[in-house]
Amino acid sequence: MNIPIYQVDAFSDTPFGGNPAAVCILDSWLSDDLMQQIGQENNLSETAFIVRKAKGEYDIRWFTPSTEISLCGHATLASAYIVFNFYDKDIETVSFDSKSGILSVDKKDDLLILDFPSTPPVNTEIPLVLIKALGVIPEAAFSSRDLLVIVKDEETVRSLNPDFNLLKELDYLGIIVSAKGDNSDFVSRFFAPNVGINEDPVTGSAHTTLIPFWANKLGKDKLHAYQVSSRMGELFCELAVDRVKIAGKACLIIQGQLKIKD
C-alpha cells in the first residue's frame, strides 16, 4: 500500500520556518494503531490524515507522535495547502469534518484563513509548580483546553527555558505563555510535554484561546501575532463573535509516497 504524503511548513512562506506538518491522503481510514505508528515515525508535532468525501469536503484527524488530538491548526492549514495545490485546484474554500466540528479554510491570495471555534479562557489560580517550571512569576493565568500564562513582556517569553518534567504535572494539553508584542499585538510560545511535544513551533489551536483573550484586553478584533519559537511563525488573527480567523502562509518541503506492507 502506497500512501501519498507531504510535508508542509505552516505559518511560513519560506522553507524551514513555521511549523512542519505531515499530510497523508487516504482513500479510507487506516486503523488507529497504524495512524499512530505513522505519526510516531514522522516524529513531527502533528501528522494529519484526510479522506475525501466530495469536492472541497474532507474528513480529517491529527496524531502527535504519542496520541490523537481533537484540534490542530497548523496541520489543518497544511492539509488545505495540499488540497488547493494538488487535489481541488479550482476551489477557494475547503471544509474539514473533525472531532471539533466543521473547520473551513479559505484561500485569499497567498494567505490561507482558518475558521475555528473560539475558546475564551477563564481566570484561574497560578499553580506553584508552574512558577517552578518556568522560572518566572506570571502576571496571571487563565484556563481553557490549555493553560494560558501571561508574563510581563516579549523578552520574558523569548528567554524561557522550561523544566518540561515539571510542566507534565499540570493537567492541561498545553501551556501557552504570552505577552504583548514589541512589534505585534501579542507573542506566544506553546509547550505540550503531556502529548509528546516539548515545544510546538507554531500552534494554530492555541490561538483559539489567545485571540479572544487579546482582543478583549486590547479592545480590537483584528490582531497580528508571532509565535516566537526558534522557527518563528506569523499569524493574522480576527475575532468573529464565537469563531476566530487564523491566517498564515505555507510552504511545501517534501512530496512522496509512504510505503506500508499490506
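Looking only at segment 122-240, where both bridge partners belong to it, what percent of the DSSP beta bridges are antiparallel (to the nearest 5)?
Numbers: 21 of 28 bridges.
Here the antiparallel bridges make up roughly 75 percent for segment 122-240.
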| field | C-alpha long axis of helix 32-42 to longest principal axis of the chain, angle in ° | value | 70
| Are there GluC sites (Glu not before Pro) in segment 99-160 that DSSP marks as loop and that have at most 14 other Cβ atoms within 10 Å, and which are they? | GLU125, GLU139
| request: Please state the charge dipole magnitude for the chain, taken about the Cα centre, from unit charges on C-beta atoms (+1 on K and R, -1 on D and E), reported in debye and rounded to the nearest 20. | output: 80
| note | Among trypsin sites (Lys or Arg not before Pro) in segment 1-67, those in a DSSP loop whose Cβ has at most 14 other Cβ atoms within 10 Å are LYS55
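Of the DSSP beta bridges with both residues in the chain, give the percent that are antiparallel, rounding to the nearest 5.
Values: 67 of 82 bridges.
Of all bridge pairs located within the chain, approximately 80 percent are antiparallel.
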| field | Nearest 10 degrees, 0 to 90: helix 207-218 Cα axis against the chain principal axis | value | 40
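What does DSSP give for segment 1-68 in terms of the percent of beta bridges that are antiparallel, rounded to the nearest 5?
Percentage antiparallel, nearest 5: 75.
We did not get these values from a lab; they are worked out from the coordinates using the rules stated. Predicted model, so just to flag it, every value in this text is computed and none were measured. Here Cβ is always computed from backbone atoms with ideal geometry, including for glycine, and neighbour counts include all displayed protein chains.
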